[in-house]
Structure formats: C-alpha cells, structure tokens
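Down below is the structure, laid out as structure tokens.
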There are 4 protein chains.
Amino acid sequence: MAQRDVVPSPVPMKWVGPLRLSGNVVTGEHEVPLATYETPLWPSVSRGAKISRLVDEGIVATLVDERMTRSILLDTDGAADALAAITAIHAARPELEATVAESSRFARLIDIHHQIAGNLLFVRFEYSTGDASGHNMVTHASDRLMERILATVPGVRYGSISGNYCSDKKATAVNGILGRGKNVVAELTIPGAICSRWLRTTPERMNELNIRKNLIGTMLAGGLRSANAHYANMLLAIYLATGQDAANIVEGSQGITHTEVRGDDLYFSCTLPNLIVGTVGNGKGAGLEHIERNLVAMGLREPRDPGENARRLAAMIAATVLCGELSLMAAQTNPGELMQSHIALERTPAAG
Amino acid sequence: MAQRDVVPSPVPMKWVGPLRLSGNVVTGEHEVPLATYETPLWPSVSRGAKISRLVDEGIVATLVDERMTRSILLDTDGAADALAAITAIHAARPELEATVAESSRFARLIDIHHQIAGNLLFVRFEYSTGDASGHNMVTHASDRLMERILATVPGVRYGSISGNYCSDKKATAVNGILGRGKNVVAELTIPGAICSRWLRTTPERMNELNIRKNLIGTMLAGGLRSANAHYANMLLAIYLATGQDAANIVEGSQGITHTEVRGDDLYFSCTLPNLIVGTVGNGKGAGLEHIERNLVAMGLREPRDPGENARRLAAMIAATVLCGELSLMAAQTNPGELMQSHIALERTPAAG
Amino acid sequence: MAQRDVVPSPVPMKWVGPLRLSGNVVTGEHEVPLATYETPLWPSVSRGAKISRLVDEGIVATLVDERMTRSILLDTDGAADALAAITAIHAARPELEATVAESSRFARLIDIHHQIAGNLLFVRFEYSTGDASGHNMVTHASDRLMERILATVPGVRYGSISGNYCSDKKATAVNGILGRGKNVVAELTIPGAICSRWLRTTPERMNELNIRKNLIGTMLAGGLRSANAHYANMLLAIYLATGQDAANIVEGSQGITHTEVRGDDLYFSCTLPNLIVGTVGNGKGAGLEHIERNLVAMGLREPRDPGENARRLAAMIAATVLCGELSLMAAQTNPGELMQSHIALERTPAAG
Amino acid sequence: MAQRDVVPSPVPMKWVGPLRLSGNVVTGEHEVPLATYETPLWPSVSRGAKISRLVDEGIVATLVDERMTRSILLDTDGAADALAAITAIHAARPELEATVAESSRFARLIDIHHQIAGNLLFVRFEYSTGDASGHNMVTHASDRLMERILATVPGVRYGSISGNYCSDKKATAVNGILGRGKNVVAELTIPGAICSRWLRTTPERMNELNIRKNLIGTMLAGGLRSANAHYANMLLAIYLATGQDAANIVEGSQGITHTEVRGDDLYFSCTLPNLIVGTVGNGKGAGLEHIERNLVAMGLREPRDPGENARRLAAMIAATVLCGELSLMAAQTNPGELMQSHIALERTPAAG
C-alpha cells in the first residue's frame, strides 16, 4: 500500500471577490479562497461580492460572541447526587479556572452549563481558545477538569470525556442557544436598482422567497434552528481552503437568512451562530504550505492580539456566505435561471 | 488575480483498511481513501477495519432504499386551490413520469409527496438517478416538471425551483422519514475477547456509553434524528477522496448508532439514511484525475448495471463510518484515552 | 377514599361565536364551546369570530388529509432480516387489509411506512377510522396485525405494540410529514379597514409580527415544524368541551400561521396538520351528558356518512384556532395591549 | 345564548395512590387527583403507586431548578445596534431587577439570555415567581421592562411583548436548555421480584423497551428533547384536577425516561425539565371551589415559604408521571396486554 499512502487530494481552489467588508472586527476589501468540486459556486459568490462593492459600507459583519465547548458525562447513583455534584462543581469554579489556565497558554474557562437526566450529569465547559478553533485544546482542558472532579467531588464516576452535549459536528439546538464557536451576523442593504440590474430581481421578490422557502419550507422539512438556502456550500469551500476542520460545517451551516424590504432597498442578513474556525492549529501545520499561503494572502498572519486573526477570519467567512446566499436566492426568484446558470457553467471543465 | 486562480487544495489523503464487507450490494475486502486534515482519523478507522477482518462475515452493509429529491414551491390563492393542484398533479403522474424520462437517460420519477401551508404548496419529487448523486439531474427534471405544471395545472404560480422541503445540505427530518440518498445500515458483531484485546473495552461498556452519550446526550442537546459520535468526520474524508459534494455531510451525518450486548458479543450498528453519493457526475470529471484513480482503485469503474457502482460506494462508506465510530467510542469508554491518542498521533507532522 | 372518588372536574365552559365558516366540509355560522381556566380566551376568540362574520365567505376551512396511525416495533437479528420482513409485509398488504377490516366496522388500513435502525424495524400502520379519533381502534387493529405478522413473517420478534414512531401525544416531525389526524387549513382574508377598526392594527404590522415572532422566534427557540402564537390554548379548550383526548394538543398545537399582505388586505391562515379528533368514542359516552349536549348543539349528531361529523368538527376547531390566533397576534402588535386586556378581563371572577 | 354560557365542563376526576415519596422537597404518602376522559389512566397510575409503596424510600423526586420566562422582541436597524442594546441591557441589570421587584410582591428577575438574528433582538427574561406558575406575573414584569428599555436604551423599537423565544405552550429546545418551570427528576428503584409479580415483566425487558421505543423510536419520529411513552396523559389529568393552565402540557410532556438494570433491580427515572405549575393564580380562584378542595386535600394550602407549595406540587406531579409511565411501559413489554387492559377497563362506563 505504500505507493498509495499520503497524497494531496486535489480539491480545485479559486480566489473570489474582493468582498467589501466593515463591522466590529475587520474592514476593507478582501478576496477569499474557495476550494470545491462545485465550481458554479465561484461565479455565484463573485456576483455577491460584486454587489458588496457597489454599496458604500459593504457587508457589515458583527461578531456577537465566541466560545468553544466540551461537555463531559458523569455517572452518579441518582439525581440527588448529580445535583450535589454540579453544585460542588460550580462552587469550585476558581480552582477549575486555574486548572484550565495551567493546561494551555490560551484556554480559559469562561462558563459552565449542565443537564441532569435521571442519574446522568452532563457538564458543558465553555472556553475561550485564542486563535485556535480549539477542538484539542478543550478536550485536553476537559480531561484535566475530569481528573480533578473525579478526585474531589464525591459521588461521581467517569462517564465519557464527551457526552454529546458539546456538541461537535452535529446539528443540535444547544450550540446556538448556549453558544459554540463564533457567532457572526453579516448584513448588506442593497438598493432596489442594484437588485434589479445585478440580481435580476426585486427586494419584494427576495423577501417573499426568503419567507416561503427558507423560513416556512425549512420548518415544514423539520429543520432545526436553521433557515437558509445553502450556507453549507460556501462554508465547505472556505473551510477547505483555510485548513479548517470542515466536518464542522454540519453545525456551522445552521443559520438564519433574514430579509426585510426597507423602502426601495433590500436588507439581506445571514446569522451564523456556530462557526468553528481558527487560524492556528490542526490543518495549518507543516506539510500544508498551501493553507499557510492562503492565510497569509488573507492577511491573517499579522501579529495581533490572541483571537484577533480568528475573529477576522470568521467575519470574512460570514460575508462569503452572504455573497453566495444572496446570489442563489436571487436566481431562484426566476423560473429556470438556476438550471440555466448551472448548465452554462458546468460545460466549462470543472478544473479548467 | 490570475496567478491565484484555480489550484488544487492539498487535503492530505491516505488509504486505510482493508475493511471486510458483506451484504446485499458488495462483498470482500476493500481499502478506502480518506482525505482529511484530521489525521488521527486514519489510525482510528484502521483500527475498526482491523476488527472487521477478525470477524468472518465482516461488516454487513444492507442497502435499504435509494432516491434523490427536489421539492418545488408553488404559490396559489389559498389552500383549496393548493389541494386541487396537488390532486391534479397526482392524476397526471404518467405524463410527469414521461416528462422526467425525456429529461435524462437516467432520471426516473418514482414518488411524489407534498405539504400545504396556507396557500403554499410544496411538491417533493423523488427520483432514481443511476450512478449519479443526481443534484443537477433532479434540478433539471424538476425544471421540466415545473414548466409542465405551470402550463397545465390551473391556479398555481411559480414560487421556487427549490422550496427547502427537498432538503439539500440541511439537517432536517424529512430526508430520513421520506428518504433522500442511499439508506444504508452497517453492522458488525464483535466477540467480547476481541473487544477486550483490540478495543480495550467490553460489550457492556460500549453499550452503556452508546445509550448515555449518543442517544441521551444528543437528545438533551436538541439533536434531530441523529445519535452518533462523529459520523461527519468519516463522511467528510471519504467524500473528499471520492469527489462527492461534501457539503452533503450535513444531512449525511444524521444517523443512529445502535448497539446491543448479545451474550458475550457486542452488536454494533450504524444506520445512515441520507447518504448522497455517486460515482459519476460533478467532482468526477476532467481535471480531477486523482478522484478517477481512487474510484478505479476502489473497483467502482467496472461496467455494471446503472446504479450498481454508486450502491457499492454507499456500502463502503457506511462500513467506513462504522469503523471510525467503533474506534472512537471504544476510546471514550476509557478515561484519558482519547486525548492520549490524539497527542501521540499529532506529534507526527500531519502530512508527514 | 370513597367520598373522594369520581367527581366531575369543573373546568368552566362558555360558548363563543358564532364563527362564519365555508370550505370543503362545513359552511354556515357556528358557535363553539370552550372549556378553560384561562377565561381571557373567551373574549379573544369572540373577537376573531366577530371578524369572520364581517367577511362574506368567512373563514375558509380546507380538509387536506385524514388518517390515524400506530407504529409497532419488531425485533430482528439484523438489517437484512428487517428488510426482508418489511418486504414481506408490503407483499401481504391485501391480507393485512382484510385483517384490519375484520377487527372493526370502521377501521381500514390505508398505508404503511417503516423505519429500519440497525436490527430494529418500526412499521407505521395508517388507518381511516370513521368518526372516531381512533386511538383504541388502531391499537386493536395493530394488535391483530402484530399477531398475523409474528405468525407469518419469518425472522421477526415482538418488540412493542407502540414503537413511538406513531407518534401519539408527542411533538415530532413524523406526524406532519406522513400525516396523523385531520390536516386542516383555516384561512381568512381581512380588509385593512377591518384590521384597523376591530383589531387596532394593520395588515403590514400583522405580517411583520408573524415573520419575526412565529417564524423566526420559534425557530431560534428550537421549535419543530411549528410557528404560531398559542394554538394550544384554543385546542385545549375545545378539546375539553367536546370530549376529546386533550393530551393530543401536544402534537395538535404544532402548526403554522402564515400571513400575507394582499393589496390592502391581510391574508391570515392557520395550518393544523395533526388534529386528532372524533365525535364518537372515549370521552363521549355514558355519564358525560354534557359533552353529548355540546356535540348536539354543534350539529355533530346528525346522521351523516361515516367520518363526516368528525371532519366537520375538525374544520370548526381549525376555525376556532384561527380566531384566537388572530386576536392575540393583533394585541401583540401594540405595546402594552396584551397585559391591559388580561388585567381587565381577570378582574372579573374567573367563573363568575 | 344566555342559557348556554358559563357551565362547568365535567371532566371525570378520581383520586389515585397514595404514592410514597421522598426527596428534596416533600416526603410521605400522597394521594393525587386525576381528571381525565381516559379512564384507564386511573388503574394504570394506581399500579405504579402501589409499586412505590413496596419500596422503602418510594419515589425520590429531586427538584433541580425553577424559573419562569418571557422573551420580548426588539427591532433595531442592524446587528451592531442589537449587540449594543443587549450590552446596555446587561449593564442595567440592577435597575431592571428593581423594576421587576416593584411590579409584583413575588416576581424577581434572576437571569437574562438573548438571541440576535440579523437586526432582531430577542431578550429572554427569567424570573422566580413564588407559588404561582407566573404567566401573568412575568408578562406584567416584562411589560415594565419593555417600557424601561424603550425609554433608556438607544436604537431599539417595540417588536413584541412575546417573541416566542420564551417559549410558552410550544415544544422547543430552549426551555429544557435554559430552563422554564420546575425541573424535576423522579426515580424509583424496583427489585426484580416486584417487577415480576406486580408488573409481569423483568428489569431487562423494561430497559430494552425503553431504549428501543422511547429513545430510538422517538428519535426516528423526529422528536425533540423528549423520550417517553405518555407523560402527556398524566400531566393533563393532574393539571386539570389542580387548576393548572393545562395547555402547558405541550412543553411539560417533553421529558426523558431513563432506565438501568442494576444487579437484580430496575432503576426507572422520569426527568421533566419544563413543568409549569403553581398553587396560586389563574384556575385557583373564586368559583373553582373544587380545585381549592383538591389543593387542600393534597396538603398544598399550608402556610409555607413562598414557592414551597408549588415545589411540592411539582414533585408530586413528577412522581405521578413516573407511576403512569412505569405501568404503561410494563404493559407494552407483553404482546396484547395493552389492548386487553383497555378493553377490560373501558367496558365499565367511563364515569360510573
């Protein structure tokens, strides 16, 4: 098998944009790299980026929150013991914070939540993790917390280092409600004339489609805390191009497109509460020079305060998602347009 | 921007296995390629594959169903019109089937479902699509159906070519309940002695962990039709290595790990009802020779009945998921093991 | 304990309306009885009923579907056996239909769906049940089907007469997607002048509130196939007053309020896909003369085709839900109005 | 219509038990009143109560948390304004607490959570409410908070007094994750011999059924944070008999039955995180003497610290739910038993 071993998998990549961006973490015009087999994504996101440059402030990206989590599972004899244990855990908060701070230069324990089901106690530790997405950092820190808890809190036994109340790479409700990853909102207000000329649609038709398809259609399908057309496509492409753990698109793609008709303008927003991203850590190391070059080209290798580069990346990602969402939604307001553009684009060889 | 344009994104890839496989679509021993930045996945799946070879029939993969869908959205004046329209659509089934058959050599209309919400009518067309995952095939066929319906059914107006009741790249309930993609179950029955020696655990501890973490933990997190530890990781890696539209891991990773203690043995199963996969189509064309070589090496370029190669791939994927799930679950039955193995593995350069 | 035994529980009841109604099962003006401790519900529904009488066709109620279900659970050795079993069950459809028809004068088997998870097979039998809600009828029929299947289908063992894939008195996705109970849409188109005079609001504000609160707010809360303000209140009250199994408000209250601004008018609709109701059966028998009198007064004791009275009741219930939903939504468009009306109403003794 | 106006609705009521109870809020043996049209519920709960008396400590009910919530909806121009507003709201916490304390003798603001979706800000106020379930108390307090926020926080406009992120009488994820109502766990450990004699089953069969039906079956059905057989039945009956707002069974019935085989014993637990109940307030006032008598007979009219009687009621309710759940689950382990017992019981006139 030797000859078949580690070889790069050639997902084709292209830079699109630049997107014009403002907000509480990053401003200016930025190109973004998209690695995907779905090549119609490139012109689609490019069309959205074009719109962003036609509007003065461009896309406004607001970082609302950030944290990374791991929930351990503890076994007890019954709910009274579980309640006593979680009370003791909260009381030991300073010691637990110290344990975490010793486990890593960057990990900090910032909150604790829990669930009790019968005799089972799920404790969700919430951390800040600097510029890393933090999967390993929080597992390592939680390992230390688990050791300490087993040694100091009576009546609890090891259940699992991960009890799925975290929850990683799963579409659940807990991440959006309690927070996991970066919570970012991207917004763009588009004059009606631009809608008409560049998107071949109107604010009214975009708003109507969003209500019917994204809100009602997803709800009828049994969707969970999600209402969008295709966040997953943009996330996958930019995650692959920037060395993220792309399986996190599962929860990352849970987000809400909300639109409003404001006078003659279209207000178009994408809220992404669960973006697990980082600029350091796995996927960014030795042997992946290409990822490194992409991060440098995106301006995310500048010396900044810990966490600042990751926040910038999150804002760029949310803006990229908005561009692709805007473009596809516009296409779907017109009968036949989606298919025609796919046909036109895919006749060109995918990686040509 | 020219110099930055289309370049391959080097996600590192490695072959693991072979997995021993039996069932209703494919048998024998098979290596599978995994492209991922999360390199600990390689030894993890390999450990599961090793177990599969220690059991005579290996992993049994059963294909339960297959179909691909697209739901259009029609606008009407009210529910009475919507009801009349869907009645007319069902009555025109033979004509609609003919329209689909004319749209493609492979697409066939096999079922129709719908939802009415107020005046909105969502019609979910279900197709067989041969060896393709079928995204474009069903969009194209649905475009034709839309045209025909708008021309022949009174009282309906174009809403959207996709109404999100499909639903593509979103974690919803409809796909598992009505079917979308391949529905595959992978099962492995492991003697207790093998659990003990190769997985450092017991059938009882595995079963207990599955109930507490995957079933109860996911439910507490507000999960939806899903109960597993990390299907998304294996799916991403094999999707990237075989040219799939990897954003489909969003719904693909909704699946249920079910275990039982059977005498001294562990029954371990992974049910994946929403696998969107194909061996032809996007991601498999010109300029992606590496994908082509992988498919050849997996034995999926043999001349077979339409759909047969895609079904084989789906069975291999489900078996791969089982291997990775089994290995991680076993690690989590032991305090500290998960972190220790990550540390050991990641000290080796990721792509070294 | 004898003196404490069976005594009537005095939930206060009042007739409200009449509601003006049209549609595919019942027309005319109808009063409806509401039994509730939440007495502000009476004037709230009355206000909606008033609006319905100001519009020529009144509330249009469209019955979209009806069926009652029970899902049995079968245990097998593995998915291949489960697949063989469900194939055999589908092949025996005529015999199963005959078994059901023998079990009851009214029960008829109309469809079968299933789920396979590992070795477990859930079979969801779908029945028509005449004028009964059918809880016992379908349990009895499924008991007979279970017996027959255990006797004739190889490789299956008894799991449970109910496998929760039915699903009864639980908020799930399956009922709305596959159908359970009556699926009814109630619609009312209200001129802007009536909105302004009688609801102190405008079509635009109602529509905006519906999008933000019912669609987006519920989605953020992690709601499931549901977007409404308070269907549960009206359902409880009319279920208690007409002898329904009121625990079925759990799934009955999953429904979608959809509004549109149509020129100067407000289109207001309530879609209730899971109404479990009947005019015969439990809660309607000896010793419950009051229920009987209510059903007579509602015109639901006329000799009609089997199922016709139950369908009329379902339409009246959906219309009642619309009246209460409309009124509360209107109140919430105005700051302070909700609380002021509660205070005004509850100063009057609840059952005075 | 005068003659038809307010009349008591005769839901038949019966006392069952006594249940033996211990835990952190109430101990001793207690009868509970159940008002229901589903009369087989009486012997079913009685059977569970009988089991509780055969075990020394009886059912252990642990109150884990309590709070009542209302989420207001604020409109802003964009996410940056929404973020600034929620920051200001958190900073004004002491003033907001004072505002709430002035609004009521019992309401206290204990926590604040929020969600931002685009320009929309949902603020979830969490309160303690003494012995009342608190629907009106928290609406009133939130009205005052809304007034204050609109007057003092720049950039926000009235959206709705309830934004459905509360969320009341809806099955959502937020209530279980952030808390709403009483969170109670009821547990009973039953020796195998008692299982066998009184429940005609074994710990192993009960545990197996719970995993397959309640955990897996509900998950396949697309259930949400819920895994039980029929909590809604017991909740409805005791809510009606004690004057609760019974529409709250919608979220109240979201709960998890968790079982374990412990040596020869069965550990059986019911976790109910969303019990909205009170011993004062609506449904308990003038004209409802029967409710008053029931509360007196349950020992819930003793002078105790504020909230103490409501907590006792919550514990009794959770224990009652356990009794009914235990009994039905046991019946379903045996083919045919459920139907036979229904037939036997319902031949007796329902209210005879």
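Mind checking which residues of segment D:149-198 are under 30 Å from D:T27 (Cα atoms) and small (G, A, S)?
D:G176, D:G179, D:G181, D:A186, D:G192, D:A193, D:S196
Is it the case that segment D:69-80 has a residue that's in a loop (DSSP other than H, G, I, E, B), more than 10 Å from chain C (Cβ to nearest Cβ) and without any contact (Cβ under 8 Å) to a residue 12 or more places away in the chain? Talk me through it step by step, then tell me what you get.
Of all residues in segment D:69-80, those in a loop (DSSP other than H, G, I, E, B) come to D:76-78.
Narrowing further to those that are more than 10 Å from chain C (Cβ to nearest Cβ): D:76-78.
Next cut, without any contact (Cβ under 8 Å) to a residue 12 or more places away in the chain only: none.
Among the residues of segment D:69-80, not one is in a loop (DSSP other than H, G, I, E, B), more than 10 Å from chain C (Cβ to nearest Cβ) and without any contact (Cβ under 8 Å) to a residue 12 or more places away in the chain, which makes the answer no.
Quick check, is C:N274 assigned to a helix (DSSP H, G or I) and either modelled with pLDDT under 95 or touching a helix residue (DSSP H, G or I) at 6+ places or on another chain (Cβ under 9 Å) (or both)?
Working: assigned to a helix (DSSP H, G or I): no; either modelled with pLDDT under 95 or touching a helix residue (DSSP H, G or I) at 6+ places or on another chain (Cβ under 9 Å) (or both): yes.
No; evaluated as a whole, the condition is false for this residue.
State which residue is surrounded by the most Cβ atoms within 10 Å (Cβ to Cβ) when the search covers only segment C:291-324 and only residues that are free of Cβ contacts under 8 Å to residues at least 60 places away in the same chain and within 14 Å of chain D (Cβ to nearest Cβ).
Initial filter on segment C:291-324 (free of Cβ contacts under 8 Å to residues at least 60 places away in the same chain): C:291-293, C:295-296, C:300-305.
Now restrict to residues that are within 14 Å of chain D (Cβ to nearest Cβ): C:291-293, C:295-296.
Values: C:I291: 23, C:E292: 15, C:R293: 14, C:L295: 20, C:V296: 11.
Of everything passing the filter in segment C:291-324, C:I291 is surrounded by the most Cβ atoms within 10 Å (Cβ to Cβ).
Just checking, how many residues over segment A:210-222 are open to solvent by 10 Å² or more (accessible area, probe 1.4 Å) and either on the phi > 0 side of the Ramachandran plot or in contact with a helix residue (DSSP H, G or I) (Cβ under 9 Å, 6 or more places away or on another chain) (or both)? Lay out the reasoning, then the answer.
Looking only at segment A:210-222, we keep the residues that are open to solvent by 10 Å² or more (accessible area, probe 1.4 Å), and these are A:211-212.
The next check asks that each one be either on the phi > 0 side of the Ramachandran plot or in contact with a helix residue (DSSP H, G or I) (Cβ under 9 Å, 6 or more places away or on another chain) (or both); those that pass are A:211.
So the answer is 1.
Which ones in segment A:43-65 are on the phi < 0 side of the Ramachandran plot, surrounded by 20 or more Cβ atoms within 10 Å (Cβ to Cβ) and outside any helix (DSSP H, G or I)?
Correct list: A:I59, A:V60, A:A61, A:T62, A:L63, A:V64.
Do you know which residues across segment C:226-252 are more than 7 Å from every other protein chain (Cβ to nearest Cβ) and under 11 Å from the mean Cα position of the chain (by Cα)?
Here is the first cut: in segment C:226-252, the ones more than 7 Å from every other protein chain (Cβ to nearest Cβ) are C:228-229, C:231, C:234-235, C:237-239, C:242, C:244, C:248, C:251-252.
Selection gives C:Y231, C:M234, C:L235, C:I238, C:Y239, C:Q244, C:N248, C:E251, C:G252.
Residues to consider are A:A310, A:A247, A:A318, A:A232; find the one that is part of a helix (DSSP H, G or I) and under 30 Å from B:H114 (Cα atoms).
On the way: A:A310 fails: under 30 Å from B:H114 (Cα atoms); A:A247 fails: under 30 Å from B:H114 (Cα atoms); A:A318 fails: under 30 Å from B:H114 (Cα atoms).
Of A:A310, A:A247, A:A318, A:A232, the one residue that is part of a helix (DSSP H, G or I) and under 30 Å from B:H114 (Cα atoms) is A:A232.
Taking segment A:260-290 as the region of interest, how many residues are open to solvent by 20 Å² or more (accessible area, probe 1.4 Å) and β-branched (V, I, T)?
Selection size over segment A:260-290: 2.
Looking at segment D:81-88, is at least one residue surrounded by 24 or more Cβ atoms within 10 Å (Cβ to Cβ) and within 14 Å of chain C (Cβ to nearest Cβ)?
First pass over segment D:81-88, keeping only residues surrounded by 24 or more Cβ atoms within 10 Å (Cβ to Cβ): D:82.
Narrowing further to those that are within 14 Å of chain C (Cβ to nearest Cβ): D:82.
Yes, segment D:81-88 contains at least one residue that is surrounded by 24 or more Cβ atoms within 10 Å (Cβ to Cβ) and within 14 Å of chain C (Cβ to nearest Cβ).
Would you mind finding the one in B:L338, B:L326 that is in the same structural domain as B:R20 (by TED's automatic domain parsing), at pLDDT below 95 and part of a helix (DSSP H, G or I)? It would help to see each step written out before you state the result.
Numbers: B:L326 fails: at pLDDT below 95.
So the residue among B:L338, B:L326 that is in the same structural domain as B:R20 (by TED's automatic domain parsing), at pLDDT below 95 and part of a helix (DSSP H, G or I) is B:L338.
Given the residues C:V7, C:V32, C:V16, which is the only one that is within 12 Å of chain D (Cβ to nearest Cβ) and surrounded by fewer than 21 Cβ atoms within 10 Å (Cβ to Cβ)?
Details: C:V32 fails: surrounded by fewer than 21 Cβ atoms within 10 Å (Cβ to Cβ); C:V16 fails: surrounded by fewer than 21 Cβ atoms within 10 Å (Cβ to Cβ).
Among C:V7, C:V32, C:V16, only C:V7 is within 12 Å of chain D (Cβ to nearest Cβ) and surrounded by fewer than 21 Cβ atoms within 10 Å (Cβ to Cβ).
Looking at this structure, is D:Y165 crowded, with 20+ Cβ neighbours inside 10 Å, in contact with a Leu (Cβ under 9 Å, 6 or more places away or on another chain) and among the hydroxyl-bearing types (S, T, Y)? Walk me through it before giving the result.
Values: crowded, with 20+ Cβ neighbours inside 10 Å: yes; in contact with a Leu (Cβ under 9 Å, 6 or more places away or on another chain): yes; among the hydroxyl-bearing types (S, T, Y): yes.
Taking the combined requirement at face value, the residue satisfies it.
Within segment B:223-230, is there a residue that is more than 20 Å from D:T218 (Cβ to Cβ) and in contact (Cβ under 8 Å) with a residue 60 or more places away in the chain?
yes
Just to be sure, is D:A171 surrounded by fewer than 24 Cβ atoms within 10 Å (Cβ to Cβ) and either in contact with a Leu (Cβ under 8 Å, 6 or more places away or on another chain) or modelled with pLDDT of 95 or more (or both)? Show your work before the answer.
On the way: surrounded by fewer than 24 Cβ atoms within 10 Å (Cβ to Cβ): no; either in contact with a Leu (Cβ under 8 Å, 6 or more places away or on another chain) or modelled with pLDDT of 95 or more (or both): yes.
Answer is no for this residue.
Can you tell me which residue among B:E95, B:E102, B:E126 is within 14 Å of chain C (Cβ to nearest Cβ) and either open to solvent by 40 Å² or more (accessible area, probe 1.4 Å) or part of a strand (DSSP E or B) (or both)? I'd like the intermediate steps shown before the answer.
Working: B:E95 fails: within 14 Å of chain C (Cβ to nearest Cβ); B:E102 fails: within 14 Å of chain C (Cβ to nearest Cβ).
On inspection, the qualifying residue turns out to be B:E126.
Which ones in segment D:277-299 are of a type in the set (A, V, I, L, M, F, W, C), under 24 Å from C:T39 (Cα atoms), at pLDDT 95 or above and in a loop (DSSP other than H, G, I, E, B)?
Once the filter is applied, which keeps residues that are of a type in the set (A, V, I, L, M, F, W, C), under 24 Å from C:T39 (Cα atoms), at pLDDT 95 or above and in a loop (DSSP other than H, G, I, E, B), segment D:277-299 yields only D:V277.
Would you please name the residue that is nearest to B:G222 (Cα to Cα), looking only at residues in segment C:178-208 that are within 7 Å of another protein chain (Cβ to nearest Cβ) and open to solvent by 10 Å² or more (accessible area, probe 1.4 Å)? First the steps, then the outcome.
To start, the set of residues in segment C:178-208 that are within 7 Å of another protein chain (Cβ to nearest Cβ) comprises C:178, C:185, C:187.
Among the residues that remain, those that are also open to solvent by 10 Å² or more (accessible area, probe 1.4 Å) are: C:178, C:187.
Numbers: C:L178: 22, C:E187: 32 Å.
Here the residue is C:L178.
Take the residues of segment B:137-159 that are at the interface with another protein chain (Cβ under 7 Å from one of its Cβ atoms) and open to solvent by 20 Å² or more (accessible area, probe 1.4 Å): which is nearest to B:L120 (Cα to Cα)?
Residue satisfying both the conditions and the ranking: B:Y158.
Being among the polar types (S, T, N, Q) and open to solvent by 10 Å² or more (accessible area, probe 1.4 Å) is the filter here; which residues of segment A:228-252 pass it? Break it down stepwise before answering.
In the first step, residues of segment A:228-252 are kept if they are among the polar types (S, T, N, Q); the result is A:228, A:233, A:242, A:244, A:248.
Scanning segment A:228-252 gives a single hit, A:N233.
Just to be sure before I move on: is D:S162 within 12 Å of chain C (Cβ to nearest Cβ) and part of a loop (DSSP other than H, G, I, E, B) in the structure I sent? Break it down stepwise before answering.
Values: within 12 Å of chain C (Cβ to nearest Cβ): yes; part of a loop (DSSP other than H, G, I, E, B): yes.
When the stated conditions are applied, D:S162 passes them.
The values are calculated or read from the model by the stated rules, or taken from the named source; none is laboratory data. Computed from a predicted structure; not experimentally measured. Note that we place each Cβ from the backbone using ideal geometry, even for glycine, and neighbour counts take in every protein chain shown. These accessible areas exclude ligands, DNA and RNA; they are computed on the full protein's heavy atoms, side chains included. Shrake-Rupley method; radii C 1.70, N 1.55, O 1.52, S 1.80 Å.
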